[in-house]
C-alpha cells in the first residue's frame, strides 16, 4: 500500500509536465492541421489501456506511420515523448525506492495520462480549426 501511495503521489507531481509534453506535441507538429484522425489517437490510447508494454505502443505507432495514418513527425514526437516519460519514470522510481513492478506501473500510468492529454489537446485544436 505504501508503494502504491508513493506512485500515486509521484504521478500527481508530474501531471503538469505530462500535459505540457502532450500539448507541445500537438502544437509543435501542427497535428490538428494534418490528415491525422482522432480515431488513430484513440486507438493508441485504447492500446495503452490494454498493455503495460511501451514496445507494443511504439510498434503500433511505427505501423501507423508506415500506413500513413499517423504523420511521420507526429509519430516520431509521440515516440520520443514515450521514451522521455519512461526515463522520467525510472528516475522517479530510483528516488522513491520502488521495485521493478512498481516502475512498470508508474511508467504505463504516466504514458496513459500523457496519451489522454494528447487526445484532448488534438480534439480541442481540431475543433478550433474547424470553427475558423
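Taking residues in the range 115-128 that are in contact (Cβ under 8 Å) with a residue 40 or more places away in the chain, and partners anywhere that are surrounded by 18 or more Cβ atoms within 10 Å (Cβ to Cβ) and not in a helix (DSSP H, G or I), the pairs with Cβ atoms closer than 8 Å and at least 6 places apart or on different chains are 122/36.
Could you say which residue among 49, 39 is more than 14 Å from the chain's Cα centre (by Cα) and assigned to a helix (DSSP H, G or I)?
It is 39.
Taken over the range 37-70, the criterion of being farther than 22 Å from residue 127 by Cα and in contact (Cβ under 8 Å) with a residue 60 or more places away in the chain is satisfied by 48, 49. Go through the residues of the range 33-40 one by one and say whether even a single one is buried (at least 16 other Cβ atoms within 10 Å of the Cβ) and under 23 Å from residue 17 (Cβ atoms). No, the range 33-40 has no match at all.
Results for (1) crowded, with 18+ Cβ neighbours inside 10 Å; (2) modelled with pLDDT of 95 or more, shown as yes or no for each residue.
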| site | (1), (2) |
| --- | --- |
| 79 | no, yes |
| 85 | yes, yes |
| 96 | no, no |
| 103 | yes, no |
| 117 | yes, yes |
| 121 | yes, yes |
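Kindly indicate whether residue 27 is farther than 16 Å from residue 89 by Cβ, at pLDDT below 95 and either part of a helix (DSSP H, G or I) or in contact with a helix residue (DSSP H, G or I) (Cβ under 9 Å, 6 or more places away or on another chain) (or both). In short, no.
If I filter the range 59-77 down to residues being loosely packed, with under 13 Cβ neighbours inside 10 Å and farther than 16 Å from residue 48 by Cβ, which single residue comes out as nearest to the chain's Cα centre (by Cα)?
Of the range 59-77, the ones loosely packed, with under 13 Cβ neighbours inside 10 Å are 59, 63, 66-68, 72.
Filter again for farther than 16 Å from residue 48 by Cβ, leaving 66-68, 72.
Values: 66: 19, 67: 20, 68: 20, 72: 16 Å.
Per the criteria, the residue is 72.
Scan the range 1-32 for residues that are farther than 18 Å from residue 108 by Cα and crowded, with 18+ Cβ neighbours inside 10 Å and the total you get is 5.
The values are calculated or read from the model by the stated rules, or taken from the named source; none is laboratory data. This one's a predicted model, so the numbers in the text were calculated from it and none came from an experiment. With ideal geometry, Cβ positions are generated from the backbone for all residues, glycine too; neighbour counts draw on all protein chains shown.
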